[in-house]
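Please read the structure below before turning to the comments.
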Amino acid sequence: MTPHLAPGPRPVVGPGCCLDQTQGRGRRLHLLDLDNLHGSGNPSIRRIDQVRNDYDRLGLMDGDLVYGACMHEPGRWNREHVRRVAHICKVWPKGTVRPVAGKNGADKALVGKALEYVDQGRITWFDDVVIASGDHLFRVAANRMRRLGVTVHLVISSERALADDLRKAADGCILHLGERQCLRHLDVVVDYAKAA
């Protein structure tokens, strides 16, 4: 975790939900559609930090691989946007964050990375894949990963932004990041300290 962000409480989810479990699980591939998680291609610094803190509660492990993408079109945005993109890259130091241009550029870059792992047989290096997006463009990749025996989880920032076909393609948990609630298991997340 980056030093300037205050760590939040570790979540506990109800029976059957496994997104935050860090004990006894294998490696995970995280595909972060940061524009989708931020709710915008031009988020505030505060929103960037909030999403980063919330995502840390999932229990990123040393063996996990993190790929992220966000929109960046230097000719279209001002200096403030460039500063925000730099901040996004800074708060994800253990991940590869790729600023991309064009409509649905972040989605397409991440789907391409996922399909590259599938086509090269490397997706089976992971027990789980976490797609942090609600965009329907991830459906094909999710279906192909599931056919290879990889559990596909979703992390979303808004339930109304979750495409129905992606919901159906995922077989794991669906965590609403801001509310810290698994939509599949309908158990509200509580703090470890309170649960102990």
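The values are calculated or read from the model by the stated rules, or taken from the named source; none is laboratory data. This one's a predicted model, so the numbers in the text were calculated from it and none came from an experiment. We work out accessible area using only protein heavy atoms, side chains counted, and drop any ligands, DNA or RNA first. Shrake-Rupley method; radii C 1.70, N 1.55, O 1.52, S 1.80 Å.
Ordered from largest to smallest accessible area (heavy atoms of protein chains, 1.4 Å probe), the residues ASP49, ASP107, ASP164 come out as ASP164, ASP49, ASP107. When both the stretch 42-109 and the stretch 119-149 are represented by their alpha-carbon centers, they are found 20 Å apart.
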